[in-house]
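Step one of this worksheet: look at the structure below.
The values are calculated or read from the model by the stated rules, or taken from the named source; none is laboratory data. Just so it is clear, the model here is predicted, and its values are computed rather than measured. Cβ placement follows ideal geometry from the backbone for every residue including glycine, while neighbour counts extend to all protein chains displayed.
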Amino acid sequence: MAPWHVRDLQEDDLDQVVRLLEESRETAAEPVVTLAEAVGAIRGGMPAVVAAVGARLVGTAVSLAAEDRAWVLRLAIDPEWRGHGIGSGLLSALEERLAQRRVRRIGALLPGHETGEAAFINSGYASRPDATYFEKVLPPAPAEATILDQIGGTIPETGLWERIAGMDAEKTLIERRLVMPLEHRDIAEHYSLEAPRAVVLFGPPGTGKTTFARAVASRLRWPFVEVFPYQLAADPNGVAGALRQLFSRVEHLEQVVLFFDEAEEIASERRDPTSLAHRITNELLKLIPVFRRRDRRLLICATNTVRRMDPAFLRPGRFDYLIPIGPPDADARRAIWTRYIGPDRLAQVDLDALVDASARFTPADIEYASRTAAQTAFERHIATERLGTQVAGADPARVTGDYLDAISGTRSSLTDEDITAFNRDLRTAARV
């Protein structure tokens with residue numbers, strides 16, 4: 001291989017550095033320091049070095065220094081160039097820059113077995129088994145908490161995104177189009193990519209649109225406000241007045257995911273200018289552009305029937321993307337069944353039989369059938385214990401039978417009309 005050398009990170013290196021930081025992770029664990037935080041340190045003039053082979057960057061190390069203490073935020077090495085001493089060379093060069101700032105102690109936080117672990121050890125860094133890393137996400141300010149309480153908002157628990165089983169195509173699309181640009185705004189701005197502010201999720205009922213919306217808020221660690229049309233209709237000021245008040249309150253939140261379920265009920269196609277529906281749709285059309293002016297906010301509208309929404313909503317400029325959330329395919333059903341069955345009972349189940357038998361099921365249908373089968377096994381276990389007989393729950397035929405019986409007793413949420421309508425919307429409305 002060609003020789004490599006270490007030098008200071010330069011401004012025009014940023015694109016390659018971002019690529020290295022994104023692609024060189026060795027484990028699935030989330031890094032302690034996000035990509036956006038590392039880029040922020042670079043732009044803030046913190047010491048950072050790169051390893052170069054000609055014009056190509058094959059390694060980078062980024063730090064953050066304050067008085068006599070510094071942290072190595074991220075260390076990344078191109079997979080093709082590992083084992084050539086680049087990690088140790090980067091750390092040595094970084095230490096020289098930090099020593100010039102009178103730094104006396106350097107620390108680093110990284111997931112176990114992550115890229116660079118050997119380089120730290122070889123460079124004389126000592127691990128601290130006596131230390132435990134703690135992290136806390138601060139709650140909203142008191143004023144924001146009051147507003148959230150007034151409009152029924154919550155801070156979603158962490159980990160919701162990781163718990164979504166199956167639906168990998170939809171999950172990947174939403175992560176690329178929504179989550180990543182919002183998580184890494186600085187990088188998006190570098191490429192003149194405007195982060196999304198409003199999207200529509202459409203698809204048959206039960207396919208997980210609400211789950212995805214809540215999981216996006218969990219992933220971003222933003223407050224989540226879910227709005228139902230019937231709640232707006234019950235407001236004494238009427239639906240239009242309730243919408244104005246809601247958007248006015250949301251304006252005071254620093255960041256938020258605002259979610260409208262059954263959006264077609266308040267954004268239906270305008271036909272009669274004298275009708276209440278016409279006035280409500282007009283009001284929402286006025287409010288969305290105002291909402292879009294602020295950063296760190298995302299409007300998600302979910303609908304089962306996107307064709308019923310007014311065409312003005314579906315044009316670019318109001319909603320950035322129209323993302324389909326369709327029925328799970330066989331691979332997705334397999335992943336969903338695996339999640340709900342659990343690792344302890346999975347070996348006792350004919351998973352192929354369950355996947356085939358649930359061909360028309362949504363994720364919600366699979367969850368219901370799985371709960372029904374678990375209830376059957378639970379009751380049988382209790383009954384046999386009371387009789388003092390041996391529990392037969394481990395018989396694979398019996399366990400699979402419980403799930404197949406539950407499937408046959410569960411009415412699929414999807415009809416032929418739902419699937420036909422979704423396929424038509426997929427061809428005519430999707431914008432991803």
* helices (runs of 4 or more DSSP H) (entirely within the stretch 125-223) containing at least 3 residues that are closer than 30 Å to residue 331 by Cα -> 160-163, 168-174, 180-183, 209-220
* Asked: Would you call residue 72 touching a residue at least 24 places away in the same chain (Cβ under 8 Å) and within 26 Å of the chain's Cα centre (by Cα)?
  -> no
* Structure fact -> Scanning the stretch 345-368 residue by residue, those surrounded by 23 or more Cβ atoms within 10 Å (Cβ to Cβ) and either in the same structural domain as residue 211 (by TED's automatic domain parsing) or assigned to a loop (DSSP other than H, G, I, E, B) (or both) turn out to be 358, 361, 362
* Top-ranked residue of the stretch 315-326 - restricted to ones that are of a type outside the set (Lys, Arg) and in contact with a helix residue (DSSP H, G or I) (Cβ under 7 Å, 6 or more places away or on another chain), ranked as surrounded by the fewest Cβ atoms within 10 Å (Cβ to Cβ) -> 321
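Table: residues versus (1) polar (S, T, N, Q); (2) under 20 Å from residue 257 (Cα atoms); (3) not in a loop (DSSP other than H, G, I, E, B); (4) not assigned by TED's automatic domain parsing to the domain that holds residue 245.
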site	(1), (2), (3), (4)
291	no, yes, yes, no
294	no, yes, no, no
298	no, yes, yes, no
301	no, yes, yes, no
307	no, no, yes, no
317	no, yes, no, no
322	no, yes, yes, no
337	no, no, yes, yes
* Asked: Do we find that residue 160 is surrounded by fewer than 20 Cβ atoms within 10 Å (Cβ to Cβ) and touching a Lys or Arg at 6+ places or on another chain (Cβ under 7 Å) in this structure?
  -> yes
* Structure fact -> Expected output for the stretch 148-164 (first residue farther than 22 Å from residue 254 by Cα, partner exposed (fewer than 11 other Cβ atoms within 10 Å of the Cβ) and basic (Lys, Arg), Cβ below 8 Å, 6+ apart or cross-chain) is none
* Residue among 256, 290, 306 that is modelled with pLDDT of 85 or more, surrounded by fewer than 17 Cβ atoms within 10 Å (Cβ to Cβ) and of a type in the set (Val, Ile, Thr) -> 290
* **Number of positions in the stretch 41-94 that are in contact with a Ser or Thr (Cβ under 7 Å, 6 or more places away or on another chain) and either among the aromatic types (Phe, Trp, Tyr) or not assigned by TED's automatic domain parsing to the domain that holds residue 18 (or both)** => 1
* Asked: Considering only residues of the stretch 226-283 that are without any contact (Cβ under 8 Å) to a residue 60 or more places away in the chain and of a type in the set (Lys, Arg), which is farthest from residue 196 (Cα to Cα)?
  -> 271
* Asked: Just for the stretch 184-201: of the residues that are modelled with pLDDT of 90 or more and among the charged types (D, E, K, R), which one is farthest from residue 298 (Cα to Cα)?
  -> 194
* Inspect the stretch 60-74 for any residue being surrounded by fewer than 17 Cβ atoms within 10 Å (Cβ to Cβ) and touching a helix residue (DSSP H, G or I) at 6+ places or on another chain (Cβ under 9 Å) and give the result as yes or no. => no
* To do: Please work out which residue is farthest from the chain's Cα centre (by Cα), limiting yourself to the stretch 228-263 and to residues that are assigned to a strand (DSSP E or B) and under 26 Å from residue 419 (Cα atoms).
  => 260
